[in-house]
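The values are calculated or read from the model by the stated rules, or taken from the named source; none is laboratory data. The shown structure was predicted, so the numbers you read here are calculated from the model rather than taken from an experiment. We place every Cβ from the backbone using ideal geometry, glycine too, and count neighbours over all the protein chains shown. Note: areas computed on protein heavy atoms with side chains; ligands, DNA, RNA excluded. Shrake-Rupley method; radii C 1.70, N 1.55, O 1.52, S 1.80 Å.
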Amino acid sequence: MPPTAADAVLPVLHEVVTAIRRELDGLDDWGLVGTSDAQYRHDLVADRVGVDLLDAAGFGILSEESGLHRPERDVVVVIDPVDGSTNASRGLPWYATSV
């Protein structure tokens, strides 16, 4: 069961965004995946990390990249793993992970 008090949830969310940042720091290819017009490799990498961590923490997830995961859980976290994907793909620093 996921934590529900703000003081317990925030550290989990912080862990998620930190892990995504770490994974993106090591990424060489920030180009398009080719399966859609606006999905980049970094979107998929960040999504995998975020969904895996949130799932392991007991949350349901609604991801912009991969949809709904475990909606039956009491708490569902909405995530945009890379909010500002086009900026990121162009090397512009104006992007973030939104949870």
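General observations
- Summary value for the chain: 23 percent relative contact order, contacts being C-alpha pairs under 8 angstrom separated by 6+ residues.
- Förster-model FRET efficiency, 35 Å R0, Asp52 and Asn87, C-beta, rounded to 0.05: 0.90
- Proximity of backbone amide H atoms, modeled 1.01 Å from N, is registered between Asp83 and Ala96, Thr97, Ser98 at under 5 Å, excluding neighbours fewer than 5 places apart on the same chain.
- For the chain, convex hull volume per residue from C-alpha positions, Å³: 85 Å³
- Estimated vicinal HN-Hα couplings, Hz - region 78-86 in sequence order (Karplus 6.51, -1.76, 1.60; Gly, Pro = x): 9, 9, 10, x, 9, 8, x, 4, 5
- For trypsin sites (Lys or Arg not before Pro), the sites in the chain that DSSP calls loop and that have at most 13 other Cβ atoms within 10 Å are Arg90.
- Heavy atoms of the protein chains alone define the surface here; on that basis region 42-99 has 50 Å² accessible area per residue at 1.4 Å probe size.
- Largest GNM mean-square fluctuation across Gly26, Gly50, Gly58, computed for the chain with C-alpha springs under 10 Å, falls on Gly26.
- Taken about its Cα centre, the chain carries a charge dipole of roughly 80 debye when the Cβ of each Lys and Arg holds +1 and the Cβ of each Asp and Glu holds -1.
- Other-chain or far-sequence residues with amide H under 5 Å of Ser63's (modelled H): Leu68, His69, Ile79
- When the helices of the chain are scored as -39500 (n - 2.57) per DSSP H run of n ≥ 4 and the total is divided over every residue, the value at 222 nm lands at -13500 deg cm²/dmol.
- Descending principal axes extents, region 1-45, alpha-carbon based, whole Å: 40, 22, 14
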